[in-house]
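What follows is a short report on a single structure.
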Amino acid sequence: MNSIFDRCSIRKFKKEALKKEEIDLILKAAFCAPSAKNCQPWYFIVTEDPKKLKELSEFSPYAKLLAQATLGVVVCADTTCNPSLDYCQQDCAAATQNMLIEAKELNIGSCWLGGYPNLDRVQKLKTYFNLPENIVPLWMVAFGYPDQEATLKEKYKESKIRYE
Ligand SMILES: Cc1cc2nc3c(=O)[nH]c(=O)nc-3n(C[C@H](O)[C@H](O)[C@H](O)COP(=O)(O)O)c2cc1C
């Protein structure tokens, strides 16, 4: 799948809104992720509202680019099924990666914006959305049509693999 090899973080976006079908596909891809005990402990808060995206871009010092994005997704862990946040966040990371790859497949740019384990950022999101105890906002992802060239980093290093 070329989108795995061709994906890179995109931090500049066009103003044009994403199509509803594209947003649906990105979210459906998230739900395809594997999860411990098949708990599927994810919960997604989705917004296209420019005012909210601007406000949310303050949740972390490294999230400013969210203000220019046309879609923001807060990836949350719902700890109801699996009370281990350690497991939930692994599952949610898998779901997040699926979204990034599906976005690339649709020629949509994306950037993961870190939150957890920075509890200050988690708390800001929790307060902003007034979330119940069982819903832990982990991080956000910014999406939009790319307004920059993709710059792929060379990451493959055989020295990081041990063949037995
Ligand atoms: C857990 C995690 C947190 C990240 N947080 C941020 C962030 O807060 N702001 C940002 O601009 N990029 C963030 N990134 C994107 C990384 O900087 C990026 O993935 C990395 O530099 C590799 O580049 P690539 O995505 O283009 O391959 C994050 C990525 C991950 C996986």
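The values are calculated or read from the model by the stated rules, or taken from the named source; none is laboratory data. For clarity, every value in this text was computed on a predicted model and none was experimentally measured. As a convention, Cβ positions derive from the backbone with ideal geometry for all residues, glycine included, and neighbour counts pool all protein chains shown. Side chains included, ligands, DNA and RNA excluded: accessible areas come from the protein's heavy atoms. Shrake-Rupley method; radii C 1.70, N 1.55, O 1.52, S 1.80 Å.
Can you name the residue in region 71-109 that is in a helix (DSSP H, G or I) and of a type in the set (Val, Ile, Thr) and is also nearest to CYS39 (Cα to Cα) among such residues? Give the steps one after another, and end with the answer.
Residues of region 71-109 in a helix (DSSP H, G or I): 85-105.
Next, from what is left, pick out any that are of a type in the set (Val, Ile, Thr): 96, 101.
Working: THR96: 16, ILE101: 22 Å.
For region 71-109, the residue satisfying everything is THR96.
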*Among the residues of region 1-39, which ones are of a type outside the set (D, E, K, R), over 14 Å from the mean Cα position of the chain (by Cα) and open to solvent by 80 Å² or more (accessible area, probe 1.4 Å)?*
MET1, ASN2, ILE4, PHE5, CYS32, PRO34, ASN38
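If you go through region 132-144 one residue at a time, do you hit one that is farther than 18 Å from GLU55 by Cβ, of a type outside the set (Phe, Trp, Tyr) and within 12 Å of the ligand (Cβ to nearest atom)? Break it down into steps so the answer makes sense when it comes.
Taking region 132-144 and keeping what is farther than 18 Å from GLU55 by Cβ, we get 132-136, 138.
Those left that are additionally of a type outside the set (Phe, Trp, Tyr): 132-136, 138.
In the following step, the residues that additionally are within 12 Å of the ligand (Cβ to nearest atom) were identified as 138.
Yes, because at least one residue in region 132-144 is farther than 18 Å from GLU55 by Cβ, of a type outside the set (Phe, Trp, Tyr) and within 12 Å of the ligand (Cβ to nearest atom).
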*So GLY109, is it closer than 14 Å to ALA142 by Cβ and in contact with a Gly (Cβ under 7 Å, 6 or more places away or on another chain)*: yes
_Residue among ASP147, ASP49 that alone is exposed (fewer than 14 other Cβ atoms within 10 Å of the Cβ) and within 21 Å of LYS20 (Cα to Cα)_ = ASP49
_Hits in region 55-93 - residues which are more than 16 Å from the ligand (Cβ to nearest atom) and open to solvent by 70 Å² or more (accessible area, probe 1.4 Å)_ = GLU55, THR80, CYS81, PRO83, TYR87
*What are the residues in region 109-131 that are more than 14 Å from the ligand (Cβ to nearest atom) and touching a residue at least 24 places away in the same chain (Cβ under 8 Å), if any?*
TYR128, PHE129, LEU131
*Restricting attention to region 18-30, does a residue exist that is within 12 Å of the ligand (Cβ to nearest atom), touching a residue at least 60 places away in the same chain (Cβ under 8 Å) and closer than 25 Å to GLN148 by Cα?*
no
*Identify, please: which residue in region 43-54 is under 21 Å from ASP120 (Cβ atoms) and in a helix (DSSP H, G or I) and is, among those, nearest to the ligand (Cβ to nearest atom)?*
LEU53
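Residue under question is TRP112, and the condition is that it be open to solvent by 40 Å² or more (accessible area, probe 1.4 Å) and either within 21 Å of PRO50 (Cβ to Cβ) or among the hydroxyl-bearing types (Ser, Thr, Tyr) (or both); does it hold?
Working: open to solvent by 40 Å² or more (accessible area, probe 1.4 Å): yes; either within 21 Å of PRO50 (Cβ to Cβ) or among the hydroxyl-bearing types (Ser, Thr, Tyr) (or both): yes.
Taking the combined requirement at face value, the residue satisfies it.
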*For region 100-107, state whether one or more residues are buried (at least 18 other Cβ atoms within 10 Å of the Cβ), within 13 Å of the ligand (Cβ to nearest atom) and among the small types (Gly, Ala, Ser).*
yes
